[in-house]
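Below you'll find the structure, written out as structure tokens, and then a few comments.
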Amino acid sequence: ADNHDIEFLPGSGSTLFSCNDGGIFKTTDGATSWNDISNGLSITQFYRLGCSATNPDLIYLGAQDNGTNRYDGTNWEQVYGADGMEALVDYTDDNIVYVSSQGGSLQKSTDGGNTFNDISPTYGGAWTTPYVMHPTNSLILFAGYDDVYKTTDGGSFWNAISTGLTGGATIRTLVVANSDPNYIYAGI
């Protein structure tokens, strides 16, 4: 996480505080070990979230410099690192989870967010690269980079379904039309 401030406890040569995107941390042994003293602080900046359609307590949230976090109704757990971005939970099986990090790195888990594999169709997307799931077939996903990419098998293989759509810019928003999922809207 980005460190924004670091200060010694006045009068101490070994007690140090670090303020960063992850919270406030304290060391009393000259920075050999650190303790998180952020309990109770609401400081996380979330970019996006994905909710389970079958379990109302299950949420995945992408956070600035704090990865992707899973909330199960009781506990929080970081399941993926980097800058957490968009997160999707398969609406037919909440063990299938998609998360992403800055610039379009797209990951898939088939074990409820315990492990992930890279399924990025390409690289060099927007800071928060958009990707969406088809509303009636959860194996179909669309992702926006410099063009729109489509997978029909949950991310194993992708094809570009546009060419030169953005003139070199990156897509920042992507939506499948609710009225007719044959229409996809992309914006830069």
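The values are calculated or read from the model by the stated rules, or taken from the named source; none is laboratory data. Everything numeric here is computed off the predicted structure, so don't read it as measured data. Neighbour counts run over all protein chains shown; Cβ positions are idealised from the backbone, glycine included. These area figures cover heavy atoms from the full protein model, side chains too; ligands, DNA and RNA do not enter into them. Shrake-Rupley method; radii C 1.70, N 1.55, O 1.52, S 1.80 Å.
The order of the peptides 98-107, 168-177, 148-157 by mean Cβ neighbours within 10 Å, most packed first, is 98-107, 148-157, 168-177. Of Tyr91, Tyr47, Tyr131, the residue with the largest accessible area leads and the full order is Tyr91, Tyr47, Tyr131 (1.4 Å probe).
Per-residue extension of 0.36 nm, minus the Cα-Cα distance of Ser42 and Asn75, leaves a gain of 10.3 nm for this segment. Counting only Cβ charges, +1 for Lys and Arg and -1 for Asp and Glu, the dipole size of region 1-107 around its Cα centre is about 120 debye. Matching the structure-derived Rg/Rh (Cα atoms, Kirkwood Rh) against the labelled list [x] 0.96; [y] 1.01; [z] 1.08 gives the label [z].
Averaged over its residues, the chain has an accessible area of 53 Å² per residue, based on protein heavy atoms and a 1.4 Å probe.
Across the chain, C-alpha contacts under 8 Å between residues 6 or more apart give a mean separation that, scaled by the residue count, equals a relative contact order of 10 percent. Using heavy atoms of the protein chains and a probe of 1.4 Å, the accessible area assigned to Asp57 is about 80 Å².
In terms of its alpha-carbon gyration tensor, region 99-146 comes out oblate; a/c meets the 1.5 threshold, while b/c is at least as large as a/b.
Of the solvent-accessible surface of the chain, computed with a 1.4 Å probe over protein heavy atoms with every protein chain present, carbon and sulfur atoms account for 48 percent. Between the residues Gly81, Thr173, Gln45, the greatest Cα displacement towards the positive end of the dipole of the chain, with unit charges on the Cβ of Lys, Arg, Asp and Glu, is found for Thr173.
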